[in-house]
Amino acid sequence: MNYESGGIGQDRLALGAPDAPRRRRGWAISAVAVLVLALLAWFLLGHKKADGSDAPPNQAPSVSVMQPGRRSIDRVVSATGTLAARVDMPVGIAGEGGRVTAVLVQPGDWVHAGQVLATVDRSVQSQTAASLAAQIKVAQADATLAQAELGRAETLVGRGFISKADIESKTATRDAANARVRVAQAQLAQQQAANGRLDVRAPAEGLVLTRQVEPGQVVSGAAGTLFRLAKGGEMELRAQVAESDLAGMRVGASAQVVPVGSTRSFAGRVWQVSPVIDPTSRQGTARVAVPFDPALRPGGFASASITSGAADAPLLPQSAIQSDDKGNFVYVLGAGDKVERRGVTLGQASDDGVAVASGLTGNERVVISAGAFLNPGQRIKPVIQKAS
């Protein structure tokens, strides 16, 4: 009996044993499901909260915004080029030439119009001039004698000692003598002018750029350039400008020229715009005149900022401009003070800010700070800043 009772109890325990693990598995599955639902709810709600689009207004971050409007902005073209004399004057020998006896100036000297730059030996020409001066004296003596003889003859013609034909002959002799005086004087003046042309003189006031002659050198009219002068010392920058920029450039436009290696800026003006475009480089030349300054050396390289016209465009501070792999953009405020991405094309940058060539009308409220920490669709609390 006891054996049977024990057997029956053990059978019941054996039959009920599988129920406990089954219940434990059910509890585990329920716990996992609850945890998954909790994580899903946290992710969705937490993401929205981090995005800020559903954040209440009193919890939205305060961000500075401005309505830029439109301003007249100078269009500045940057260019580079070579410095040169605005009027480069080559100076050579004007006379028959000869041996150079002295060179009186050096490159970098300032000279005046007519100043002697170099002298040429004139020993032979001086003797020729002296001979012509003596011939003048001979001719003048002959003319004086002829006048005296004519005067005596005129006193005797009334007494019948000299005929009228003799008077006419002596008058002709006197006139010929006077003519020979004038011829001798003209020959002397011609020789003196030729002697004066032996000196190499400055044709105008300016700066001596180069010297290509030395004492003892024999020069002639075929010797070529002996000196180069910059008329008035005026320089120019021959700036190479892109075809698109050259189209809007006008004579008289102001410019700032900075030579390479210098921090000084020189004010200038465009005095000539090239009518021709280089078909290879697609560039033209804008010639910017600059007043004389020793720091401006012809042949040197320089950069220029040329103000070429003006345009109306929104002007934003640099902090408002964002960029990524899609390009430049700004954040503007949309409905509900939520930020929206707006792609823009940038124009001229200056100390005042960055011009927006396209993408904005100027009437939008644009985020000007903390844009890097915002996301599209995020609600903010705008703090209005006045456009400068």
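The values are calculated or read from the model by the stated rules, or taken from the named source; none is laboratory data. Everything quoted here is computed from the prediction, not taken from an experiment. We place every Cβ from the backbone using ideal geometry, glycine too, and count neighbours over all the protein chains shown. Keep in mind that these areas ignore ligands, DNA and RNA; they rest on the heavy atoms of the full protein, side chains included. Shrake-Rupley method; radii C 1.70, N 1.55, O 1.52, S 1.80 Å.
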Notebook entry, point to check: Looking at region 279-326, which of its residues are of a type in the set (D, E, K, R) and more than 18 Å from the chain's Cα centre (by Cα)?
Noted result: D312, D324, D325, K326
Check: Among the listed residues L237, L229, L209, which satisfies the condition of being over 25 Å from D74 (Cα atoms) and open to solvent by less than 20 Å² (accessible area, probe 1.4 Å)?
Finding: L229
Check: Does V354 qualify as being assigned to a strand (DSSP E or B) and not charged (D, E, K, R)?
Finding: yes
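To keep it simple, each residue is scored yes or no on (1) hydroxyl-bearing (S, T, Y); (2) closer than 13 Å to V181 by Cα; (3) assigned to a helix (DSSP H, G or I).
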{"residue": "I136", "(1), (2), (3)": "no, yes, yes"}
{"residue": "A141", "(1), (2), (3)": "no, yes, yes"}
{"residue": "V157", "(1), (2), (3)": "no, no, yes"}
{"residue": "F161", "(1), (2), (3)": "no, no, no"}
{"residue": "D166", "(1), (2), (3)": "no, no, yes"}
{"residue": "S169", "(1), (2), (3)": "yes, no, yes"}
Item checked: Among residues of region 327-351, those that are part of a loop (DSSP other than H, G, I, E, B) and open to solvent by 50 Å² or more (accessible area, probe 1.4 Å), counted -> 1
Checklist line | Any chance L360 is at negative phi, crowded, with 17+ Cβ neighbours inside 10 Å and out of contact with any strand residue (DSSP E or B) (no Cβ under 6 Å at 6 or more places or on another chain) | finding: yes
Next item on the list: Determine which member of the set R174, R122 is in contact with a strand residue (DSSP E or B) (Cβ under 9 Å, 6 or more places away or on another chain), farther than 30 Å from V87 by Cβ, crowded, with 16+ Cβ neighbours inside 10 Å and of a type in the set (D, E, K, R).
Entry: R122
Notebook entry, point to check: Given S78, S64, S53, which one is at pLDDT 75 or above, surrounded by 14 or more Cβ atoms within 10 Å (Cβ to Cβ), polar (S, T, N, Q) and outside any helix (DSSP H, G or I)?
Noted result: S64
Next item on the list: Could you tell me whether region 279-296 includes any residue that is in a strand (DSSP E or B) and surrounded by fewer than 16 Cβ atoms within 10 Å (Cβ to Cβ)?
Entry: no
